[in-house]
Every structure is written in C-alpha cells, then in structure tokens.
Amino acid sequence: MVIKEMVLTGLFGLMLSTLAVAEEANETDWAVTAYGAVLSSEGIEDVLALSADYDDDYRLAAIALSRGIDEEFQNIDLEWEAQLVKHVSGQDHWEVNGLVVGRWLPFPWDSTVDTSLAFGAGLSYATDLPEFEQANQDNANELLAYLMLELELKPPGSEHWSLVVRVHHRSGAYGLFDDVEGASNALGVGFKYRFK
C-alpha cells in the first residue's frame, strides 16, 4: 500500500510540475473538462468504429485540467492535461492520468459549430488493480499507458462552454507495461469550460 501511495504522489507531483513548467513557457488558455463514461472490454478500434458493446455496470466520472502550450504550429494546438478519475459503478478506485494533447482546429463548418479533434497520450495510474481489467484481460496493472481522443463542439455564440465526446483508453501498450496486452476503454460525454 505504501508503494502505491508513493507512486500516486509521484505521478501527481509530476503532473503539477508539468503544469508549472507550462506556466513558465508562456502558455495560454486553461480549460476544465468534466465527463462521465461507460466502460467496454472491446478494443479501441471497436469504440472508434462505434461498434463496441458497453457494460452499464461499470462507469466513471472524470475531471481534467488542461492548458495550452504556446507553440507555433499551423492548425494544431498543443496542451498539457492532468485528470482525476473516480470509478463510480462496478469498481470504486481512483485513477490519475497525465498526458500531452494535440488538437486539430480547422473544420469547414466551424462558422456553424466550432469543432476541434484532439488526441492525447500519457500515463495512467489506478489506486487499486482495476477489477474490470482483471475480469476482461489476461493481465492487469495499476500503471498503464493512457490515450484520449476528444471531439469538441462549441455552439455559435458560446465563448467558454463546449460539448465534448471522449474516448478514455488504458492500455499495456502491446505488453510494454508488465506484459499487459489490453486493458479498458470508455466512451463518455461531458462539458468543457475554457478560460484565461
């Protein structure tokens, strides 16, 4: 238990220091995102193809704090993000995720609905060995790779608020993490609030 607490504290400290470095790098625009999601034992490709089955008994609630990185890339914004996740149904552990995000900005219909598509990668730490992952995979581990895919839709006239659809993915990265081959996916919906 002490080792888990040390790892969790270290990851949280790493995320905070990442945000502090981001502050010193003249970064812009903060955002808070809150979403709920339901888990699937199927692969991320099934989730992305909208053909996955979901287990309504396993749900999570997440809050994420992100900040843009002031870099000059045409059509793409970079961000740091730190997430705190509570598994609220089926299992009851916490999860901490830290990631770097790339966000594609221009879409032809932006004058009607301002749209962006984001992809993020980083690390995920669960405070307990996730029961869902133990039941649906050969191996499970607290520390895994983390991927996020987000579709953000901002209605006309909305300066701060937007709707988000997110894919929340924990993975062993093809065995890189303690020989874990798969893990879990979740599909969620929520809101984002952007501020300076």
Accessible-area order for Leu60, Leu147, largest to smallest, probe 1.4 angstrom, reads Leu147, Leu60
Over all directions, what mean area does the Cα convex hull of region 22-101 project, stated in square nanometres? 6.6
Give me the percent relative contact order of the chain, please, defined on Cα pairs under 8 angstrom at least 6 residues apart. 21
What is the angle, in °, between the Cα long axis of helix 2-24 and the longest principal axis of the Cα atoms in the chain? Nearest 10 is fine, range 0 to 90. 10
Determine the relative contact order of region 64-118: mean sequence separation of Cα pairs under 8 Å and six or more apart, normalised by residue count, in whole percent. 28
Under a point spin-label approximation (7 Å from Cα along Cα-to-Cβ), what is the Gln134-Gln74 distance to one decimal in nm? 5.3
Per-residue ellipticity at 222 nm attributable to helices in the chain (runs of n ≥ 4 DSSP H, -39500 (n - 2.57) apiece, nearest 500 deg cm²/dmol) works out to -5500 deg cm²/dmol
Portion, in percent, of the accessible area of the chain that falls on carbon or sulfur, probe 1.4 Å: 61
Hydrodynamic radius (Kirkwood) for region 136-196, which is based on Cα pairs only, to one decimal in Å: 13.4
Do you know the Lys pair count in the chain for C-alpha distances under 24 Å, with sequence separation 8 or more or different chains? 4
Mean projection of the alpha-carbon convex hull of the chain over all orientations, in nm²? 11.4
At 1.4 Å probe size, put His93, His160 in order of accessible surface, largest to smallest. His160, His93
Gaussian network model of the chain, springs between alpha carbon atoms under 10 Å - residue of Gly43, Gly98, Gly68 with greatest fluctuation: Gly43
Residues of region 63-196: accessible area per residue with a 1.4 Å probe, Å²: 49
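The values are calculated or read from the model by the stated rules, or taken from the named source; none is laboratory data. Predicted model only: the values in this text are computed from it and were never measured. All Cβ positions, glycine included, derive from the backbone under ideal geometry; neighbour counts span all protein chains shown. Heavy atoms of the whole protein, side chains included, go into the accessibility calculation; ligands, DNA and RNA do not. Shrake-Rupley method; radii C 1.70, N 1.55, O 1.52, S 1.80 Å.
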